[in-house]
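Worksheet: the structure to be examined is printed underneath.
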Amino acid sequence: LGETVQILEKCEGKYDVWKMCLFGIFPVNYIHLKKAVVSNRGQYETVVPLEDTVITEVTATLQEWSVLWKQLYVKHKIDLFYKLRHVMNELIDLRRQLLSGHLTQDQVREVKRHLTVRLDWGNEHLGLDLVPRKDFEVVDSDQISVSDLYKMHLSSRHSVQQSTSQVDTIRPRHGEACRLPVPHHFFLSLKSFTYNTIGEDADVFFFLYDVREGKQISERFLVRLNKNGGPKNPEKIDRMCALFTDLSSKDMKKDLYIVAHVIRLGRMLLNDSRKGPSHLHYRRPYGCAVLSIMDVIPSISELKEEKDFVLKVYTCNNENEWFQIHENIIRKSSTKYTAPSSNYGLIISLQLLHGEMEQIRREYPMIFNRGIAVTRKIGFPDVIMPGDIRNDLYLTLEKGDFERGGKSVQKNIEVTMYVLYADGEILKECISLGSGEPSRSVYHSFVLYHSNSPRWGEVIKLPIPIDRFRGSHLRFEFRHCSTKDKGEKKLFGFAFTPLMRDDGTTLSDDIHELYVYKCDENSTFNNHALYLGLPCCKEDYNGCPNIPSSLIFQRSTKESFSISTQLSSTKLTQNVDLLALLKWKAYPDRVMDILGRLRHVSGEEIVKFLQDILDTLFVILDDNTEKYGLLVFQSLVFIINLLRDSKYFHFRPVMDTYIQKHFAGALAYKELIRCLKWYMDRSAELVRQDHIQEAMRALEYLFKFIVQSRILYSRATCGMEEEQFRANIQELFQSIRFVLSLDSRSSETLIFTQAALLNSFPAIFDELLQMFTVQEVAEFVRGTLGSMPSTVHIGQSMDVVKLQSIARTVDSRLFSFSESRRILLPVVLHHIHLHLRQQKELLICSGILSSIFSIIKTSSVETDVIEEVEMMVESLLDVLLQTLLTIMSKSQSQEAVRGQRCPQCTAEITGEYVSCLLSLLRQMSDTHFQHLLDNFQSKDELKEFLLKIFCVFRNLMKMTVFPRDWMVMRLLTSNIIVTTVQYLSPALHKNFTETDFDFKVWNSYFSLSVLFINQPSLQLESITPAKRKKILDKYGDMRVMMAYELFTMWQNLGEHKIHFIPGMIGPFLGVTLVPQPEVRNIMIPIFHDMMDWEQRKNGNFKQVEAELIDKLDSLVSEGKGDENYRELFNLLLLEKIEQETWRETGVSFVTSVTRLMERLLDYRDCMKGDETENKKIGCTVNLMNFYKSEINKEEMYIRYIHKLCDMHLQAENYTEAAFTLLLYCELLQWEDRPLREFLHYPSQTEWQRKENLCRKIIHYFNKGKSWEFGIPLCRELALQYESLYDYQSLSWIRKMEATYYDNIMEQQRLEPEFFRVGFYGRKFPFFLRCLVHVTLSSFCRMLGVGLENHTKGGGSPCNQLPPLLI
């Protein structure tokens, strides 16, 4: 199901189909037609469906998983079984969505992200290969450099581990801008307010509160409710929601709370109907609720939907504490508020969103369809977006102090506020109590009962139009709200403040204590000029001391009223210095002072007036270049560096737009070049270089201004003074080179200057390309990079900066031109070569090399690529090899010391440099290899190179540079290695075969070839058929390729083959055991060659025979080899030997080895299978006897004696274990001949080893109650001790012997019962067929069940045979 078939014809409701050489017929409804592309037509053609590659991958992966999923159940991995089933169902559903074709681009991307996350999760948990991806799609390793492929593997691994989102697959290049902070937003929706005791309309205000700062950080969101708890406006049912925007990551770490203030609208006292008439409604404080954002973030951060929370509403015990009720609740000052009697309160839902507002609108359109109220942060966010026009004045009613006025009780004071224009007109809809409700023209504060010193703390937003701001003022009227029957509101005073001062600046962000003027209900405010001439506050009073006392309004000196303001405006300023700059012509004598004070203006003010400030600066520059040039230059540098701050980084496009469309300083370039050169030339003289460093950091935009200015001048004058401009740029670059060439070791300030210059330098390339050719700019850059001192003469910090500058140069657009690379590549490679030689800053160097390889891989001009690769081979290949050998050596030593993999940093560097080396080798062609080999001055140099590269390749296969599941990377690595070896083999044969034969190089080559063929990643037999076909289609079987290469090189050795006998017998034998028929056919004849050459030299092939038998035993016991190999080994070698003069000994040897293999395979199968212990013992005895009697391999014989002994001990057959060890003991003599360390025996004399064995055998006889057999050994040991006068040991052994006699007489033992057992039939293992054994009855009982199945094949069960009396 799901396989691809090719349709040949359709007839009568059925399809004839063909697939992989198989023909068949299917019903039509079993086939789904898909458009496809067929490549490589014929027997091995490939059919690729014309569909999204992610869909194709999901289909193939599900087919692969389905097999493994069933196996999980069989293996009882139930938890993973159910998890995988769930993921597979999700994949099927997501695939269906993708196939529907009804998704938007953003939805398609999101679905693909979910698909790839699940695919990677399943592959990891099933132990399958990691899939490298880019933009959710599988990458083609042929289309990218090895370095990029390595980074994609790292990125995919990170993505799998995170299991959240797919990260970009290639690390950001060095020249890319830093990431902008991601804003966060809180979506809040009021579901209901379950209150039972108010019974009046209510306003609920939500806002964000910072506990540590003790201030409100957001606007208020207002919800108006009726007395039943529903929205006052019926249209707002289920639409009472707000979005609190522009929270930074820093804000999210603060101790923020969501605060809700409930203000009721009704009687003065809730439960007293006598207090005031029913028709008058006052705004009165009722209750407050809070919710900690830090507590709820963990539960909502990962959710894609809203989550509900209940907020208890607490009431204030003392209204004078209302302004800080939320703080009291947060601090749990329970004496100052009253908790509700039940769990009723505000039910809200929250959701945390991330990203820019445009992104939020795209991803969550349903939120904005609900009439959401966007509730902004007070003040500007961390990142001010261009075009974000605001003009909001936030006013906080702080407090008031009023006289009692002869009353016995304190007043109930209400503040009424108006915004009035210069002509006295009340501005309409300029007061906002909170988002979510329309603005109004008049504001009434809430009333605190009986308080002459009320503190409100209520924040109101005043969205006043910019054109109405100048001349407008605020008027605050104070009224006492009587609670008598009439319920009068009596006016007793007022205060006011203008919004803009006479100097043009707005009201400062501060607390303002306003004067309170007396008045009454009969007072008229129709003529506002009557009070605007009065001082509004102390500062205003100091400005107009001569105030007549005969005015209508008299100030109440004992009363005061305080407000605080904060302006969030992109058009109005509170800064005097900025206004002075913009109106500089009014102060011609102060221009130099005004320019100097620009540095004291805040960044927010500068970016708001960026274009106006820049226009002003260049007008001043044109007015008097000689006088103001340097100050204008410094001011321009200050503004440019201000835009480097992340808070204003998004204003860089504003600056770019200004330069391209609004900048008009056609003559400015001359002065800018002059000032920049003047700064650089003075860098060697000055001790303090702050101004110079700032100018270096601003280099990019200075050059933008210079180039645009020159373009304007050239356009206006038809290209006049072009040569002069070029000469000025040349001189400027001479100054740049001068700065970089200075010795900075003794001057820390100079180091910072050079670092600032190097950091900014790559950013000017694009500007230069507008005025100069690619070659000219490349020459500028080459001269500059070449002027930097070598790494020997500068410190480590400058090393890093220098390399980072080179890295950004390589990542720049300039380097993408082949014409510039031809010029720049030599100097770049020179610096990298120096660092690699000294093993400095390896990680940065690897990043530069990766970028170069990536660019070269994608280059379309083949001739340029050939030349560039040639340069890289000459400069880097040798030093890359040396660097890798050093890194790998450190890695191995650390691994040996720590007993674990090398640290992450070393592993990362190793991977980076391996990928760089592989990228270079992959780019090399026949010509490059030929030039490389021809350029070696001597054979010693060639030998050193070959040894290095072979060693690196061997380490690649031995070390875990790439994890096991990086199959794509491992296969590509193997392909590059085998290709490189094919190029280098002729040079090895040509230079080191005849008289100049070098064993070390050849041995290194053979070791590499053997390791390569035995790589686990190339053993295709252990992988699924689909994966095997995919690998064979792409690379072929690389084991066969290397085997042919190995065999050819072996044949080229001639008489020098004898040097590798017996050393290479074991490795070659391991290669022949690889389960690949073609490899076996190629490699097995080499053993004939070895036998032949040893026969010629020594007259026999004993070495070959001994080594082959030794290695064969260990390799087969490791699981290698099979019956097919045994037959092929026998067939091929007998065929080769047939023509030899030493045919008889050869045939005998091959026959012996073949028979040994039969026994070894039987032994291995028996040990791995569920056979009985006695059957395993019988198999071991058979193999042990073969080593002793047929091929006389005493060492192997002894090994299997101990294996047999261990089996007997495990089965608690102690007597049999003793007799087994006795076989070894009988091979030893009572002599002092030294014996080497062997098995678990230390180095000792033969006498000592035999003594230890005898003691152990005696011990086993005792445990097996076979004392009769232990007594002769006791006597033998006694004779030895007596001859050596070791009377202590003699006493011990004699006592042991006496004890054994006592045991024979006194201990009870069961008499053993023996049976004769025969094995007849082909179903028995080879070593048991036609054999008859005499064995214990316990063995027969154990064998009974096992032999039942063999009886039908001719076996005779033991209970049918007569006993044999012993």
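Observations on the model:
- Subset of segment 437-481 [open to solvent by less than 50 Å² (accessible area, probe 1.4 Å) and among the polar types (S, T, N, Q)]: S439, S441, S445, S451, N452, S472
- The conditions of being at pLDDT 90 or above and not β-branched (V, I, T) are met by Y517.
- Residue pairs meeting the criteria (Cβ under 7 Å; at least 6 apart or on separate chains; first farther than 18 Å from M1196 by Cα and modelled with pLDDT of 85 or more, in segment 1232-1244; second assigned to a loop (DSSP other than H, G, I, E, B) and open to solvent by 30 Å² or more (accessible area, probe 1.4 Å)): S1243/R1236; S1243/E1237
- Residue satisfying all of: in segment 637-649; in contact (Cβ under 8 Å) with a residue 60 or more places away in the chain and either touching a helix residue (DSSP H, G or I) at 6+ places or on another chain (Cβ under 6 Å) or not in a helix (DSSP H, G or I) (or both); farthest from M592 (Cα to Cα) among these: Y648
- Segment 1006-1019, subset open to solvent by less than 10 Å² (accessible area, probe 1.4 Å) and of a type outside the set (S, T, Y), residue nearest to the chain's Cα centre (by Cα): L1018
- Scanning segment 660-683 for residues that are under 38 Å from the mean Cα position of the chain (by Cα), in contact (Cβ under 8 Å) with a residue 24 or more places away in the chain and either open to solvent by 30 Å² or more (accessible area, probe 1.4 Å) or farther than 27 Å from F738 by Cα (or both) turns up nothing.
- Taken over segment 570-582, the criterion of being free of Cβ contacts under 8 Å to residues at least 40 places away in the same chain, open to solvent by less than 40 Å² (accessible area, probe 1.4 Å) and of a type outside the set (G, A, S) is satisfied by D577, L578, L581.
- Of all residues making up segment 495-511, the number that are open to solvent by less than 30 Å² (accessible area, probe 1.4 Å) and on the phi < 0 side of the Ramachandran plot: 8
- Strands (runs of 3 or more DSSP E) within segment 227-312 that include 3 or more residues open to solvent by less than 50 Å² (accessible area, probe 1.4 Å): 241-247, 256-266, 282-292
- Taking every residue in segment 778-796 that is within 13 Å of L768 (Cβ to Cβ) and pairing it with any residue that is among the hydroxyl-bearing types (S, T, Y) and modelled with pLDDT of 85 or more, at least 6 positions away or on another chain, the pairs with Cβ-Cβ distances below 7 Å are A778/S820; V781/T809.
- Scanning segment 1058-1072 finds one or more residues that are closer than 20 Å to Q1015 by Cβ, in contact with a Leu (Cβ under 7 Å, 6 or more places away or on another chain) and open to solvent by less than 10 Å² (accessible area, probe 1.4 Å).
Listed here are the residues, each with its yes/no results for (1) among the aromatic types (F, W, Y); (2) crowded, with 20+ Cβ neighbours inside 10 Å; (3) part of a helix (DSSP H, G or I).
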{"position": "Q1103", "(1), (2), (3)": "no, no, yes"}
{"position": "V1116", "(1), (2), (3)": "no, yes, yes"}
{"position": "G1119", "(1), (2), (3)": "no, no, no"}
{"position": "E1127", "(1), (2), (3)": "no, no, yes"}
{"position": "T1151", "(1), (2), (3)": "no, no, yes"}
{"position": "L1161", "(1), (2), (3)": "no, no, yes"}
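- Among (1) in contact with a Gly (Cβ under 9 Å, 6 or more places away or on another chain); (2) open to solvent by less than 70 Å² (accessible area, probe 1.4 Å), the one test that E363 misses: (2)
- Total residues in segment 1178-1189 satisfying the condition of being closer than 16 Å to L1161 by Cβ and either open to solvent by 20 Å² or more (accessible area, probe 1.4 Å) or in a loop (DSSP other than H, G, I, E, B) (or both): the figure is 2.
- Filter result (under 13 Å from Y701 (Cα atoms) and either crowded, with 19+ Cβ neighbours inside 10 Å or modelled with pLDDT of 90 or more (or both)) within segment 636-649: L636, V637, F638, I639, I640, N641, L642, L643
- Scanning segment 142-159 for residues that are in contact (Cβ under 8 Å) with a residue 60 or more places away in the chain and either under 15 Å from the mean Cα position of the chain (by Cα) or more than 14 Å from F853 (Cβ to Cβ) (or both) gives D148, L149, Y150, K151, H153, L154, R157.
- The listed residue being under 36 Å from the mean Cα position of the chain (by Cα), without any contact (Cβ under 8 Å) to a residue 24 or more places away in the chain and open to solvent by 10 Å² or more (accessible area, probe 1.4 Å), out of R652, R697: R652
Residue-by-condition table, conditions (1) buried (at least 16 other Cβ atoms within 10 Å of the Cβ); (2) within 60 Å of the chain's Cα centre (by Cα); (3) under 29 Å from E1311 (Cα atoms):
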residue	(1), (2), (3)
F1238	no, yes, no
P1242	no, yes, no
W1247	yes, no, no
G1264	yes, no, yes
G1270	yes, no, yes
L1279	no, no, no
E1282	no, no, no
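- Here F402, F368 are screened, and the one residue that is free of Cβ contacts under 8 Å to residues at least 12 places away in the same chain and of a type in the set (F, W, Y) is F368.
- When each of V968, V961 is tested for being open to solvent by 10 Å² or more (accessible area, probe 1.4 Å), closer than 23 Å to S889 by Cα and of a type in the set (V, I, T), the lone residue that passes is V961.
- Residues that are farther than 18 Å from V131 by Cβ and surrounded by 10 or more Cβ atoms within 10 Å (Cβ to Cβ) within segment 97-108 comprise Q97, L99, L103, D106, Q107, V108, listed in sequence order.
- L740 meets the stated requirement of being at pLDDT below 90, surrounded by 16 or more Cβ atoms within 10 Å (Cβ to Cβ), more than 32 Å from the chain's Cα centre (by Cα) and assigned to a helix (DSSP H, G or I).
- Any hit, segment 941-953, residues being surrounded by 17 or more Cβ atoms within 10 Å (Cβ to Cβ), touching a Ser or Thr at 6+ places or on another chain (Cβ under 8 Å), modelled with pLDDT under 95 and closer than 21 Å to K857 by Cα: no
- Applying the condition of being within 21 Å of L507 (Cβ to Cβ) and under 49 Å from the mean Cα position of the chain (by Cα) to segment 583-601 and asking which residue is surrounded by the fewest Cβ atoms within 10 Å (Cβ to Cβ) yields H600.
One line per residue, one yes/no per condition, for (1) open to solvent by less than 40 Å² (accessible area, probe 1.4 Å); (2) farther than 17 Å from P826 by Cβ; (3) out of contact with any helix residue (DSSP H, G or I) (no Cβ under 6 Å at 6 or more places or on another chain); (4) of a type in the set (A, V, I, L, M):
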site: T717; (1), (2), (3), (4): yes, yes, yes, no
site: M720; (1), (2), (3), (4): no, yes, yes, yes
site: F725; (1), (2), (3), (4): yes, yes, no, no
site: D766; (1), (2), (3), (4): no, yes, yes, no
site: F772; (1), (2), (3), (4): yes, yes, yes, no
site: D799; (1), (2), (3), (4): yes, yes, yes, no
site: V810; (1), (2), (3), (4): yes, no, no, yes
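The values are calculated or read from the model by the stated rules, or taken from the named source; none is laboratory data. These figures come from a predicted structure and were not determined experimentally. Every residue, glycine among them, receives a Cβ derived from its backbone with ideal geometry; neighbour counts consider all protein chains shown. Each accessible area value is taken on the protein alone, full model and side chains, heavy atoms only, with ligands, DNA and RNA left out. Shrake-Rupley method; radii C 1.70, N 1.55, O 1.52, S 1.80 Å.
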